[in-house]
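*Asks:* Shown below is the structure under consideration.
Values quoted throughout were computed directly from the atomic coordinates according to the rules given, and no laboratory measurement underlies them. Since this is a predicted model, take the numbers as computed values, not measurements. Neighbour counts are summed over all protein chains in view; Cβ atoms, including those assigned to glycine, are modelled from backbone coordinates with ideal geometry.
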Amino acid sequence: MLFDPRPKNSRKDLFDREEELEELKKAVRRYPIVLLLGIRRVGKSSLLKVALNELENGIYIDVRELYFSSGGWITVDSLTNALERALNSLKPSFRRKITEALRSVKGVTVAGVTLKFESRVSLPDVLNALNDVGVIMAFDEAQYLRYYGARGGKEFLAMVAYAYDNLENMRFVFSGSEVGSLHDFLGTANYDSPLYGRVYGEITVKPFSRELSREFFRRGFEEAGMKVEEKLIERTVELLDGIPGWLVEFGYNYIETRDFDRAMESVILKAEKFMEGELRELARRSERYILILKAIAMGFDRWELIKDYLEARSGKIPNPRLANLLRNLEKMSWIRKVYRDGTKRYEIVDPVVARILRKFSRQAGL
Ligand SMILES: Nc1ncnc2c1ncn2[C@@H]1O[C@H](COP(=O)(O)OP(=O)(O)OP(=O)(O)O)[C@@H](O)[C@H]1O
Ligand SMILES: [Mg+2]
């Protein structure tokens, strides 16, 4: 069902995206490492899951979930457990091959087609064995791997670099909403990174165009047996800007309530819940990030205006520090630079996030 709010697993539930799907599969055949990029709620996980399902030798690990469920620190044990769970949820035919390949690895026990990793199992040993079968390891929201181990994820990258150089049947897909952060983390252009100099494929998932968004709504409502006026579709598309996650949320709720305002309100509530964790994570790094986002959302979108807004609320800030904060927010895909009337301005990438930030600012009287 198109308006199902969970990530899609099969092509029949995925609207459009044929090109991206083929591109992703082609890239995985061609490159040992593939990056799948796109802003929050744009449909990365769905695309990844559908592709892995069709390729049949893929393993899916949600690193963001791993990060939040293990209290903000990803240990070797938690990654090993996640891998064990992912392997045990594979289709039986492929799982049989995997269990055969892993049977002789120290620290792995096999009961039927169920695997168990003991804590002494070595991940490089597991990768070596998986190479005999040829496996795609997909890490969703991979920028959270920087919280793996004690050295900002370097041990993990060293393992990937080893696989890149020696295990020709292994493939890695890293998806991420924080485009620049993911590039920085992998560091293929950074001399200090274990992955320095490695080549990778890159695919970007974009929001739907206006026309595709309209078509998405028509199809979704038709599927639900509902007739909806073009005017309403037009108004919704205008507000949600082609981001499939929000379109689905609206569609799903409109079918329930048949009320535009209530459906839109539930999009905002859902988005607030969804963004809560991410905004808290951002605030933990610096409260100023939140202030900057609020400033931009409220229309203080030029350098001087942002600086004034910030200084009035959190004290003086040197220019290089502000430049750095803005650059980081861009890397995390919260904001982007635009040039209007010959002036550099910043805008919030996702209009729903901008609305939430304005609401929070009003509530806090900022
Ligand atoms: N092409 C599509 N067709 C139908 N539904 C889609 C499509 N792309 C995304 N969706 C829906 O949008 C929502 C968000 O999709 P998904 O979780 O795949 O995105 P994401 O980019 O991984 O988001 P997040 O930033 O939350 O990880 C889900 O409800 C999913 O079902
Ligand atoms: Mg996702």
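*Asks:* Output ³J(HN,Hα) for the stretch 331-338: one whole-Hz value per residue in order, computed from phi by the Karplus curve 6.51 cos²θ - 1.76 cosθ + 1.60 with θ = phi - 60°, and x for Gly and Pro.
*Replies:* Per residue, the Karplus-derived 3J(HN,Hα) values read 4, 7, 6, 7, 10, 9, 8, 9 Hz.
*Asks:* Hey, could you get me the Stokes-Einstein D for the stretch 17-204, Kirkwood radius over alpha-carbon pairs, 25 °C and 0.890 mPa s, rounded to whole µm² s⁻¹?
*Replies:* The Stokes-Einstein estimate is 148 µm²/s.
*Asks:* P(r) tail for the stretch 1-102, what percent of Cα pairs lie past 20 Å?
*Replies:* So the pairs more than 20 Å apart make up 49 percent of the total in the stretch 1-102.
*Asks:* Restricting things to Cα coordinates, could you compute the convex hull volume per residue of the chain in Å³?
*Replies:* Taking only Cα atoms, the chain has a hull volume of 159 Å³ per residue.
*Asks:* Same structure again: Amide H to amide H under 5 Å from ILE59: which residues, 5+ apart in sequence or cross-chain, H placed 1.01 Å off N in plane?
*Replies:* Answer set, sorted by chain and number: ILE136, MET137, ALA138.
*Asks:* If you don't mind, another one. Which ³J(HN,Hα) values in Hz, rounded to whole numbers, follow from the phi angles of the stretch 101-108 under the Karplus curve 6.51 cos²θ - 1.76 cosθ + 1.60, where θ = phi - 60° and Gly and Pro get x?
*Replies:* 5, 8, 3, 8, 7, 4, x, 10
*Asks:* Could you work out how far apart the two model spin labels at ARG340 and TRP303 are, taking each label as a point 7 Å from the Cα in the direction of the beta carbon, and quote it in nm?
*Replies:* With each label point 7 Å from Cα toward Cβ, the separation is 1.9 nm.
*Asks:* Moving to a separate point now. Using the alpha-carbon atoms, what tilt in degrees (0 to 90, nearest 10) does helix 18-30 show relative to the longest principal axis of the chain?
*Replies:* 40 degrees
*Asks:* Run the quick spin-label model on LYS206 and THR109: label points 7 Å from Cα toward the beta carbon, then report their separation in nm to one decimal.
*Replies:* Simple spin-label model gives 5.3 nm for this pair.
*Asks:* Continuing with the same structure: If I model a spin label at ASN319 and SER119 as a point 7 Å from the Cα along the Cα→Cβ vector, what separation in nanometres do I get?
*Replies:* The two pseudo-label positions are separated by 5.3 nm.
*Asks:* Taking the number of other C-beta atoms within 10 Å as the exposure measure, put THR114, THR99 in order starting with the fewest.
*Replies:* Listing THR114, THR99 from fewest to most nearby Cβ atoms yields THR114, THR99.
*Asks:* Sticking with this structure for a sec: Amide H to amide H under 5 Å from ILE74: which residues, 5+ apart in sequence or cross-chain, H placed 1.01 Å off N in plane?
*Replies:* Amide H neighbours of ILE74, under 5 Å, 5+ apart: TYR148, GLY149.
*Asks:* Continuing with this model, one more query. Round to a whole angstrom and tell me the spacing of the C-alpha centers of the stretch 165-209 and the stretch 1-74.
*Replies:* 15 Å
*Asks:* As a quick test, which of the pairs LYS294/LYS316; LYS26/LYS273; LYS8/LYS231; LYS116/LYS273; LYS26/LYS91; LYS26/LYS154 have an alpha carbon distance above 26 angstrom in this structure?
*Replies:* Over 26 Å apart, Cα to Cα: LYS26/LYS273; LYS8/LYS231; LYS116/LYS273; LYS26/LYS154.
*Asks:* What does the helix-only formula give at 222 nm for the chain: each DSSP H stretch with n ≥ 4 adding -39500 (n - 2.57), the total divided by the residues, and the result rounded to the nearest 500 deg cm²/dmol?
*Replies:* -17500 deg cm²/dmol
*Asks:* So what is the relative contact order for the stretch 17-204, in percent, with contacts set as C-alpha pairs under 8 Å and at least six apart?
*Replies:* 33 percent
*Asks:* Report, by chain and number, residues whose modeled amide H sits under 5 Å from the one on GLY201, excluding near sequence neighbours (fewer than 5 apart, same chain).
*Replies:* ILE33, VAL34, LEU35
*Asks:* Additional query: Quick one: Karplus J couplings for the stretch 307-318, per residue in order, coefficients 6.51, -1.76, 1.60, θ = phi - 60°, nearest Hz, x for Gly and Pro?
*Replies:* Taking θ as phi minus 60°, the curve returns 4, 4, 4, 5, 5, 5, 10, 9, x, 4, 9, x Hz for the stretch 307-318.
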